[in-house]
Amino acid sequence: MIHEKYVSTGLILTHGIDQNPSDRTFSLHVHEDFELLCVVTGKVGYIVEGQLYDLHPGSLMLMRNAETHKLLVNKSEPYERYTLNFNPQLLLDHGFSEELLSAFLDRNLGERNHYAELEFDGIQPLVIFQQMLESCAEFSPESVILSHLSTLLYAVNRVFRRETTPLRHAPLDGNESGRQLLRYINLHLNEELSVGALSREVHLSPAQLNRVFRDLTGTSIYNYILSKRLVAVQERMAKGESALSASQACGFHDYSAFYRLYKKRFGSSPTAQRRIGEKREPK
């Protein structure tokens, strides 16, 4: 993998190339920041909350916090892309309007994540990412990234707000039971979500339930719920809640088990993560 990366507080810009991409490299994941992904080369698809998108060179994908997503790649072609992860609060702290985040916030999970290059008037997202990376080598990455990010978000929101713009998603295999299950999990994330209870909710056997869910999301029910809950804990701690209180509120009833899962997933303890968040709070 060829990898270029610029990191600033609340911002991560990455340029990556995989000559021999594999689905195993790109597991389903979820995070607390927002993400923009622009495809340069490769035949790839994206599953976002059970919706499948076909991506082409120049395609732009948007994922918000707690929105699960998984890449599907064609191994026969190199996969090159730019990704930008950002904390939305950073934009507000720098005086940008919250309206720039409309395309992330004013939609249902897994809907309108994809923007084709031809939908934009007067700009090419891929060119903006290329200019962004080049400028970061000469100037302050934070200033460069925020400047280009605001341009991108303005263009995205112009497309998003067009009344004639269709929803750009394709349900996987018309799987209504699976989508009903996803909606139920997201609405009851902090409650008991055993396989038995979920099976009764969507009227499927546990075996059928697991097969339908994996076909829809690319992962197991357990991993999906765990990922969502851990990110929810991060968000609560970022607002000042203690790790114990946040974990209990998000469905973790055994703090020791939660602590191990959190450290394994994020590479640091929840208390250490909370201290980092406190340091980032404006004085």
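No value in this document is a laboratory result; all are computed from the given coordinates. Here the structure is a predicted model, which is why all the values come from computation and not from measurement. Here Cβ is always computed from backbone atoms with ideal geometry, including for glycine, and neighbour counts include all displayed protein chains.
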Self-check item: Cα gyration tensor category, rounded, prolate or oblate, for the chain with a/c compared to 1.5
Solution: oblate
Quiz prompt | Amide hydrogen neighbours beyond the local backbone of Val44, cut-off 5 Å, H modeled | solution = Leu55
Exercise. Sort 4-14, 89-99 for me by packing, meaning the mean count of neighbouring Cβ atoms within 10 Å per residue, highest on top.
Key: 4-14, 89-99
Quiz prompt | Listed residue pairs exceeding 30 Å between alpha carbons, taken from Lys43/Lys239; Lys43/Lys264; Lys5/Lys228; Lys5/Lys263; Lys70/Lys239 | solution = Lys43/Lys239; Lys43/Lys264
Self-check item: Rounded Å value of the spacing that divides the Cα centres of region 109-148 and region 1-76
Solution: 14
Practice problem: Mean Kyte-Doolittle of at least 0.0 plus a Cα span of 18 Å or more along the axis: flag which DSSP H helices in the chain meet both, please. | Solution: 141-160, 221-238
Exercise. Express the relative contact order of the chain as a whole percentage, based on alpha carbon pairs under 8 Å and six or more residues apart in sequence.
Key: 18
Quiz item: For labels at Glu241 and Ser27 in the simple 7 Å Cα→Cβ model, what's the distance in nm?
Solution: 2.5
Quiz prompt | Helix-derived mean residue ellipticity, 222 nm - over the chain, DSSP H n ≥ 4, -39500 (n - 2.57), to 500 | solution = -13000 deg cm²/dmol
